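The values are calculated or read from the model by the stated rules, or taken from the named source; none is laboratory data. All of these numbers come straight from a predicted model, not from anything done at the bench. Note that we place each Cβ from the backbone using ideal geometry, even for glycine, and neighbour counts take in every protein chain shown.
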Amino acid sequence: MDLVEVAPGAAPPVCRVMDYGKFLYERTKKEREARKAQTKVEVKEIRLRPKTNEHHRGFKTRDARRWLEDGMKVKVTIRFRGREITYPELALEDLKEIAEELSDISTVEQFPSMEGRVMTMLLSPTKVSSKKKAEATQQS
C-alpha cells in the first residue's frame, strides 16, 4: 500500500492510502475509454479548375455527397492556372452551385475565400446520418 496524492489542487491536498499500480492502471484505462469515445472528423477534398465542365463536376459532387452522408467534412478547392485568375467570379459561381446541389445534406462552414491562386469552401454535414450511427453501434 502506498500514500497517493489524489487531488493536489485542492485546499488542503487530498491523499489516499491505496495500491499505486492499481491506481495508475485504472487511470490509464479511463483515459483510453475517453479517447475511444471521441469522434475524429475527417476532411475530404475535391479539387476543380474554373474550366471543369458540368459532367466532371457531377462526379465530384457525387463523391462529396457520399462523404457528407458518412459524416465527413468536404473541402472544395478551385485552383487557378495562368490567366484564369483574372476570372474569380467563374469559380465563385461554381462553388455556389456545388453548395446549392449539396444543400439538402450539408451547410457551408467556411464561405468561399481566395488564398493566392486557390479558392476554397468548406462544407460540413447537417447531421450525422443513420448509416454512420448504425456502423458505430455495430462496432461497440
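Per-structure values
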quantity: Residue within the stretch 102-110 that is assigned by TED's automatic domain parsing to the domain that holds R47, hydrophobic (A, V, I, L, M, F, W, C) and in a strand (DSSP E or B) present; calculated: yes
quantity: Odd one out for I85, checked against (1) part of a helix (DSSP H, G or I); (2) loosely packed, with under 11 Cβ neighbours inside 10 Å; calculated: (2)
quantity: Enumeration of residues in the stretch 28-44 that are touching a strand residue (DSSP E or B) at 6+ places or on another chain (Cβ under 8 Å) and either modelled with pLDDT under 90 or farther than 17 Å from E101 by Cβ (or both); calculated: V41, E42, V43
quantity: All positions within the stretch 37-54 that are within 30 Å of Y87 (Cα to Cα) and outside any strand (DSSP E or B); calculated: R49, P50, K51, T52, N53, E54
quantity: Yes/no for S130 being at negative phi, among the small types (G, A, S) and either surrounded by 12 or more Cβ atoms within 10 Å (Cβ to Cβ) or modelled with pLDDT under 90 (or both); calculated: yes
quantity: Single match in R57, R62 (criterion: of a type in the set (K, R) and in contact with a helix residue (DSSP H, G or I) (Cβ under 8 Å, 6 or more places away or on another chain)); calculated: R57
quantity: Pair list, Cβ < 8 Å and 6+ apart or interchain, from the stretch 109-127 residues that are exposed (fewer than 12 other Cβ atoms within 10 Å of the Cβ) to residues that are of a type outside the set (A, V, I, L, M); calculated: S113/T120
quantity: The listed residue being of a type in the set (D, E, K, R) and assigned by TED's automatic domain parsing to the domain that holds V74, out of K60, K30; calculated: K60
quantity: Filtered residues of the stretch 53-75 (kept if in contact with a Lys or Arg (Cβ under 8 Å, 6 or more places away or on another chain), touching a residue at least 40 places away in the same chain (Cβ under 8 Å) and not small (G, A, S)); calculated: E69, D70, M72, K73, V74, K75
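Here is a yes/no grid of residues against (1) under 25 Å from the mean Cα position of the chain (by Cα); (2) surrounded by fewer than 11 Cβ atoms within 10 Å (Cβ to Cβ); (3) not in a strand (DSSP E or B):
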position	(1), (2), (3)
E5	no, yes, no
A11	no, yes, yes
R27	no, yes, yes
R35	yes, yes, yes
K60	yes, no, yes
K75	yes, no, no
D94	yes, no, yes
